[in-house]
Every structure is written in C-alpha cells, then in structure tokens.
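Since the structure comes first, as structure tokens, the remarks are kept for the end.
Readers should treat all values here as calculations from the given coordinates under stated rules, not as data from a laboratory. Quick caveat: nothing in here was measured; it's all calculated off a predicted structure. Note that each Cβ is placed from the backbone with ideal geometry, even for glycine, and that neighbours are counted across all protein chains shown.
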Amino acid sequence: MKKNAPPSAASSSRRISGQTWFLGASILAFLAVGWLMLFHDGRGNNNLAEAASRFKLEDIPFDGRQAFEYLKQLCAIGPRPSGSKGMETQQELLQKHFEKLGAKVEYQRFHGSHPETGAPVPMANLIVRWHPEAKKRILLCAHYDTLPLPLLDARNPQGIFVGANDNAGGVAILMQLAEEIPKNKYEYGIDFVLFDGEEFIFAPEQRHFLGSEHFARQYRDHPPAFHYRWGVLLDMVGAKDLKIYQERNGMFWKDTQPLVREIWKVAARLEVKEFIPRQKDAIEDDHIPLHEIGKISCIDIIDFNYPPWHTEGDTPDKCSPLSMAKVGWVVSEWLKGAK
Ligand SMILES: [Zn+2]
C-alpha cells in the first residue's frame, strides 16, 4: 500500500539509485509529516490517549490468540513475495485451512512482470467462497504477498522482510473469521479474496495493486452471476498500538460513506475505541482499483501508524493478539448485521 498519494497522482517508472532513493525517501517522509500536520484536525492528541479500550483478550468473543498463532505461522514461512517459494507454501497452507472449514477455494491466476527485468511472474489471487450459490455477496479482502525487500530499512534494505503486520495480520484475521462463518447465518454470501502482487516492487514508484486490478477488471469485463454489495479491505490491522482512523477515500466516495459510518458505529457499540471516528490519511490501497475499476463499494480498514513499516522490524513481536481480536470482533459483528 502507498501512503497519501491521491489516486490520480502520476507515477514514473524511472529507476533510481540507492542514494537517490534514500534522499527521496527522506523527502517523502518529510512531506508526509507535513501532509499529516496539514490534515490533522488538531484534536488528535487528546483523543490518542483515549483510544484504548478496557478489554482483555478473554472479554472478546473473537479469538485473537488463535489469530495471532496464524500470523506467526505465516511469518514462519519467511518472505512470501509474488512468484516465490514462500508464496507457494503459503498458498498450500491457506487452501488446506479454508477447505477444512468448508469453503470453496479457487485461484484466479494471471501474470505480472518483474518491474526491473520485465520477466513474467506467475501470480494468483486466492478466492475463498462461503455459500457460493448466494447472488448477493460481501467481499472481505487482504493482500497476501509480502514486499520482496525491506525497502525502507535504513540499515539493511536488502534484508529479510516477513510482513507480520503488512499483511500477515489481515490474512490471519480472515483465517480466524473462517472458523466462525460456518456457525452463523448471514444475509449475504461471503467471499474472502487474498490479493497477490499488491507490492511486488523494488522501488516505491513501481506499480502496485496488480492482483486487485486484475480482479476488478475480471469483475467488470466478465460480470459474474452475483453482485458484491460491499467490500472491506484489511491491511495492517495487527499492530500493538492500534489506532484505526477512517480512511479518506472511503469517506469521500458517496457510495462507501455509509459503510464506513456503519462499521465505526458497530465499533462504538462494542466500545472498541481503537476505531476512531475521524479521518486522517488518504491511502492508496487495493480498495482503489476495486472501487474505480470494479465499481465495488469497498473501504479500507488500515492503521497506518506503524514505525516498522517496510523494514526488517515488521515482525510478530510488533503485533498483538488483542489488536487482532478487536478488529476481528468488529468485522465479525458488522458481518452478522450487514444490510
Ligand atoms: Zn506494504
């Protein structure tokens, strides 16, 4: 995912050297801070202290401990970028997991290309269907590829990136949610879609969102027999210090505004205060192609306040079962009452 870049921003495919890259990253970071200050509504600091709910793990019906176990299992595979052995191992693990719980699993295969060599890279979105016959459906999604290298790691940008929060956390919450879906009744059929090629990049200006773009184009060009009423994307939802503001695009688009309000209302009812009912960042993420190409009313649940982002430090110890429990609980409760 990319931060703060408005969807219309032009992107260049220029290759830049390490030094320029570091300078560029510093300037970007500086601009980002400026941007945040500009758009901050000035009440944030007071609210930050309040944004922690009193819950302990055992108070929450969504099993955060198990979700965190899944997160660790995914990270134990090691790096899982598009086209890698790690991705293949992860796919086997996920397919087994979801099929065991009674879902129908399919791969939507396509080819991306290596942004530096141009070589074709096999990619696949993993689609997990619950009640596949239902004509009205909800899309819950996350990306399951990891950044190939920890590009923002000041010490070791060629090091190892396991993507605990970005985005094993989102995948792991869906793995845990899968445990309860067969036990409940829903007004909608539900699809989990795990996107590949979200960030198969070796420099920040390269093309993101290959999987969600492909998925959205297929949905547009070969309309299925069903319709997605809503879409919810989970990205970076496992950090210890959880604060989830309303992502700006979701509040900007008229069709998704009610969904953002509804989910934050569910969080308020449950007293999960980490869902903060105010806007902060505009994030370029998989929800943009889903909305702009697929015309799916999809929002992004994302906590962008995460210092180890795109560094070697994005490891399970920066995440927490309690944060995962809170996010999983809100999504699960919303899903049960989704209209
Ligand atoms: Zn990322």
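Some points to look at:
- Fluctuation leader among Asn167, Asn249, Asn156 - the chain, Gaussian network, Cα springs under 10 angstrom: Asn156
- log10 of Debye I(q)/I(0), alpha-carbon scatterers only, for the chain at 0.10, 0.11, 0.12 Å⁻¹: -0.54, -0.67, -0.81
- Extended-chain gain in nm, criterion 0.36 nm per residue less alpha-carbon gap, Lys135 and Lys2: 44.6 nm
- Label-to-label distance, Arg109 versus Asp59, with points set 7 angstrom from Cα along the beta-carbon direction: 4.9 nm.
- Among Gly197, Gly159, Gly211: highest mean-square fluctuation, GNM of the chain, C-alpha pairs under 10 Å: Gly159
- Each Lys and Arg adds +1 at its Cβ and each Asp and Glu adds -1 at its Cβ; summed about the Cα centre, region 72-223 shows a dipole of about 440 debye.
- Gain upon complete extension [Lys265, Glu179; 0.36 nm per residue less C-alpha separation]: 28.5 nm
- Cα-only Debye scattering, region 93-248: base-10 log of I(q)/I(0) at q = 0.10, 0.13, 0.14, 0.18 Å⁻¹: -0.40, -0.67, -0.77, -1.21
- Comparing Ala154, Gly337, Leu139 along the charge dipole axis of region 51-337, the residue lying farthest to the positive side is Gly337, per the Cβ-charge model.
- Long pairs among Lys104/Lys336; Lys183/Lys280; Lys56/Lys136; Lys56/Lys243, criterion Cα-Cα beyond 24 Å: Lys183/Lys280; Lys56/Lys136
- Residue separation of Glu69 and Phe226 scaled by 0.36 nm, minus their Cα-Cα distance, works out to 53.1 nm of gained length.
- A simple charge model with +1 on the Cβ of Lys and Arg, -1 on the Cβ of Asp and Glu and nothing else charged puts the dipole of the chain at about 700 debye relative to its Cα centre.
- Looking at the chain alone, DSSP beta bridges between its own residues are antiparallel in about 45 percent of cases.
- Neighbour counts of C-beta atoms inside 10 Å place His287, His214, His222, His114 in the sequence His222, His114, His214, His287, starting with the fewest.
- Placing one equal scatterer on every Cα of region 285-329 and applying the Debye formula, the log10 ratio I(q)/I(0) at q = 0.30 Å⁻¹ is -1.02.
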